[in-house]
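The values are calculated or read from the model by the stated rules, or taken from the named source; none is laboratory data. Predicted model, so just to flag it, every value in this text is computed and none were measured. For neighbour counting, all protein chains shown are included, and Cβ atoms are generated from backbone atoms with ideal geometry for every residue, glycine included. Surface areas here come from the heavy atoms of the whole protein model, side chains and all, with no ligands, DNA or RNA. Shrake-Rupley method; radii C 1.70, N 1.55, O 1.52, S 1.80 Å.
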Amino acid sequence: MQLVVARIGRAHGIKGEVTVEVRTDEPELRLAPGAVLATDPAGVGPLTIEHGRVHSGRLLLRFAGVADRSAAEALRNTLLIAEVDPDELPDDPEEFYDHQLIDLDVVTQDGEEVGRIAEIAHLPAQDLFVVKRPDGGEVLIPFVAEIVPEVDLEEQRAVIDPPPGLLGEAEEPDGRPEPPVDASAQASAPGAGHEGEDEGREGEGRPR
């Protein structure tokens, strides 16, 4: 089966390197020098990885035949796709491939339906489940043992123990939902403003 293992970002430097958004738990295997990857769009590939290195916490790759910044920039937003044996499993039983997790139902320990895993976001600090809610919304669930204590592949579900506020419902100490904020009062508060807001991360934005 085919598995998306990375998305190409912006060009880095003038020698054909590109940044990549990793979408696999095994970049040292899937994105190693010599790996030949299919692409989406298909007309861009296949691409052969010639060199890879980590710079400022970000993986940089250079592909055979991509020798300058212009050629590298032309690859921006291309998805890199590896052929993976569907029966292949990670060595560690506590680890999972993305394709094992996508489409799992997500429920709380009390049995409340949260949604279904649509994507796994691989961030430098941790992996995230991108979960589609029944109402069409989206919620990000950190894939850590404290929040996701159980993944049951046979039952096709992931059980979560969400901290207050993770699912979008902030709570007061007594467990009751907080009252809605008066937007007009908030806007008129002294010193209210937007200084220091994040610019947001590049691209689309993404366990595994």
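Regarding the stretch 90-98, can at least one residue be identified that is over 26 Å from VAL144 (Cα atoms) and within 17 Å of the chain's Cα centre (by Cα)? Explain how you work it out, then say what you get.
Residues of the stretch 90-98 over 26 Å from VAL144 (Cα atoms): none.
Within the stretch 90-98, none of the residues are over 26 Å from VAL144 (Cα atoms) and within 17 Å of the chain's Cα centre (by Cα).
Taking the condition open to solvent by 60 Å² or more (accessible area, probe 1.4 Å) and modelled with pLDDT under 85, does GLU150 pass?
Numbers: open to solvent by 60 Å² or more (accessible area, probe 1.4 Å): yes; modelled with pLDDT under 85: no.
No: the conditions fail for GLU150.
One residue stands out in the stretch 45-63 among those that are at pLDDT below 90 and open to solvent by less than 80 Å² (accessible area, probe 1.4 Å): the one that is nearest to HIS122 (Cα to Cα), namely GLY57. All conditions but one from (1) outside any loop (DSSP other than H, G, I, E, B); (2) among the hydrophobic types (A, V, I, L, M, F, W, C); (3) under 17 Å from the mean Cα position of the chain (by Cα) apply to VAL151; the one that does not is (3). Only one of the numbered conditions (1) under 30 Å from LEU167 (Cβ atoms); (2) loosely packed, with under 13 Cβ neighbours inside 10 Å; (3) of a type in the set (Asp, Glu) is not met by ASP25, and that is (2). The residue of the stretch 125-142 that is nearest to LEU3 (Cα to Cα), among those that are open to solvent by 70 Å² or more (accessible area, probe 1.4 Å) and more than 10 Å from the chain's Cα centre (by Cα), is LYS132.
Evaluated against (1) assigned to a loop (DSSP other than H, G, I, E, B); (2) closer than 24 Å to GLN156 by Cβ; (3) open to solvent by 60 Å² or more (accessible area, probe 1.4 Å), ARG116 falls short on exactly one condition, (1). When we screen PRO124, PRO179, PRO207 for residues that are farther than 28 Å from VAL18 by Cα and either at pLDDT below 90 or part of a loop (DSSP other than H, G, I, E, B) (or both), the only hit is PRO179.
Out of all the residues in the stretch 10-22, which are among the β-branched types (Val, Ile, Thr) and open to solvent by 40 Å² or more (accessible area, probe 1.4 Å)?
Listed by number, the list holds a single entry, ILE14.
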